[in-house]
Amino acid sequence: PSPDQQPVNAPGLTCRLVCVLPSLLSSDCLTANIVKSHRETCQYRVEELQALRWKVFSREEVLAYQSKSVEEMWQRCAYRLTDSIQYVVEFAKRIDGFLELSQNDQIVLLKGGSLEVVLVRMCRSFNPDNGTVFFEGKYGGTEVFKSLGCNDLIASIFEFSQSLCALHLSEQEVALFTAVVLLNPERAWLQDKEKVARLHSHVDVAFKNTLQRSHRDTVLSKLSQKTLQLKSLCSLHIDRLRSFLELRPLLAHSLFPPLYHELFTDSPDAPLE
Ligand SMILES: O=S(=O)(c1ccc(F)cc1)C1(c2ccc(OCc3ccccc3)cc2)CCCC1
């Protein structure tokens, strides 16, 4: 055959393609699975949340929130958080490989990561133009949460949402980033850390491939700082919850949903159902 009809004699290239292809395929499959799982469990679609941005609490409604008791506002936030965490549990269960982990490790990852995932997802229900967040049907600023008595925690939550919005994450990036946050092999008390680390690296590779293809590599370094902020936000929440409960030892059981109690207080309660 003439030279231009010779098959490309490049065993190395062919081998590389054959070697790389399956991992790209499996990485693309994992990306598709995570994006689909996010879509099915994100509680509100981002279009719905943006369409509601004009619904802001009136002065009277803000005053009504500010005249509620500390206990009532903690209860309302705890209920809304618990509601959101149910969707995060469902998200986790739909990620390929999560249900193959031991029950213990599934619970350890959800105990350590569910609030972090909620805080990342929250950027979708935050309006960076006026610093308001979707809460109980309308958008409100930090002043809505004044009676909680933990303005530093509230301010940090709002600042985190504002800074995450500045990255303009797509739904696909939110999906992949929350999966990376959830499948953290460094969580204490993991039984099979290596198995979680393998799953985490598959998701991390899928996330990096997706970012590279859309020329969004710069976002990666910014997101690693975000994971540090998430960690300190969650410890601040635990601190504020502890001081809140120290003054009201018996209230915890009556005030908060069992799941909130199980996840955020060190009480030896009923195991997660
Ligand atoms: O709408 S929210 O209730 C909300 C609360 C505080 C805030 F500054 C902004 C929003 C919600 C949320 C609930 C509890 C959170 O941390 C734990 C926490 C913080 C403060 C008091 C109690 C518990 C964080 C977020 C957002 C996503 C799901 C619900």
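What follows draws every value from the coordinates through simple rules; no lab data is involved. The structure presented is a predicted model; accordingly, all values stated were derived computationally and were not measured. Backbone-built Cβ (ideal geometry, glycine too); neighbour counts: all protein chains shown.
Tabulated values for the structure
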quantity: Cross-link partners of residue 68 among lysines (Cα-Cα below 30 Å; sequence separation of 8 or more within a chain); calculated: 55, 111, 138, 146, 231
quantity: Distant-in-sequence amide H partners of residue 56 (H built 1.01 Å from N, under 5 Å); calculated: 139
quantity: Residue-wise HN-Hα coupling along the range 173-189, computed from phi with Karplus coefficients 6.51, -1.76, 1.60 (Hz; x: Gly, Pro); calculated: 5, 4, 4, 5, 5, 5, 5, 5, 4, 6, 8, 7, x, 8, 4, 5, 6
quantity: Packing-based exposure ordering (other Cβ within 10 Å, fewest first) of 108, 46; calculated: 46, 108
quantity: Least to most buried among 218, 41 (fewest other Cβ within 10 Å first); calculated: 218, 41
quantity: Between helix 11-41 and the chain: long-axis angle, C-alpha atoms, 0 to 90°, nearest 10; calculated: 20
quantity: For the range 97-178, size of Cβ-based charge dipole, Lys and Arg +1, Asp and Glu -1, in debye; calculated: 180
quantity: Table column - 3J(HN,Hα) (Hz), the range 124-131, Karplus curve with 6.51, -1.76, 1.60, x for Gly and Pro; calculated: 6, 10, 10, 9, x, 5, 10, x
quantity: Spin-label pair residue 25/residue 56, simplified geometry with 7 Å Cα→Cβ offset, distance in nm; calculated: 5.3
quantity: Loop-located chymotrypsin sites (Phe, Trp or Tyr not before Pro) in the range 34-63 whose Cβ has at most 13 other Cβ within 10 Å (DSSP); calculated: 54
quantity: Packing rank of 58-69, 229-240, where each peptide gets the mean count of other beta carbons within 10 Å, highest leading; calculated: 229-240, 58-69
quantity: Anisotropy class of the range 117-225 from Cα gyration tensor, a/c 1.5 cut; calculated: oblate
